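**Student:** Quick one: structure below, then a few questions.
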Amino acid sequence: MELNITMTTPDENPIIRTSPARFMKGLVIIIIPLIVLGYITVFHWDDTASVPPPVSAPPPAPAAPDSTGAESSTSANAPAPAAASATAISIPAGAATQGNPSYTPDSITVSKGDVITVSNEDTVPHTVTSGSGPQDPNSAKLFDTSIIMAAESGEVDTATLEAGEYQYYCTVHPFMTGLITVQ
Ligand SMILES: [Cu+2]
């Protein structure tokens, strides 16, 4: 049995099915959006990432002392208690760039047993890891917050540390270093 599978008649051109003008019009319709998207991607890439506003003072609250037990805040991302507390380290925005402040303060003195809250106010992950750097054979053996994501916080518990000075650094950006002194 023999099949004739010719799809076109001999007098029909099987390839050119449109006019050059119509073809160019279609091409322009495709290329213009590509140019616009390309421009946005190349020159406005940074604008596509949302950068949280800098952490500012929390809304005014009644200045009642000993309010730490109050659980009035329903915010999921309540900022760390402002200043005053000596047991807080913050990682400011831009810390991932070498030369910028990395830990604030970068040297802190606490009493043994204090729990240091580390709040990451930057837009990339950081750590507070014991040791002088990745090459330190004792790196992370004394304490390690592990990765703290942007806008989140971690803790360093000093209960297991003897009095003394402890260097720490960021495993993601080893040029970020600081010092914890336990009394
Ligand atoms: Cu870091």
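The values are calculated or read from the model by the stated rules, or taken from the named source; none is laboratory data. A quick note: this is a predicted structure, and the numbers were derived from the prediction, not measured. Counting neighbours? That spans all protein chains shown, and the Cβs are built from the backbone with ideal geometry, glycine included.
**Student:** Based on what the data block shows, is VAL118 in a loop (DSSP other than H, G, I, E, B) and under 21 Å from the mean Cα position of the chain (by Cα)?
**Tutor:** no
**Student:** Another question about this same structure. Scan LEU142, LEU161 and give me the residue that is touching a helix residue (DSSP H, G or I) at 6+ places or on another chain (Cβ under 9 Å) and either buried (at least 18 other Cβ atoms within 10 Å of the Cβ) or at pLDDT 95 or above (or both).
**Tutor:** Within the list LEU142, LEU161, the selection yields LEU142.
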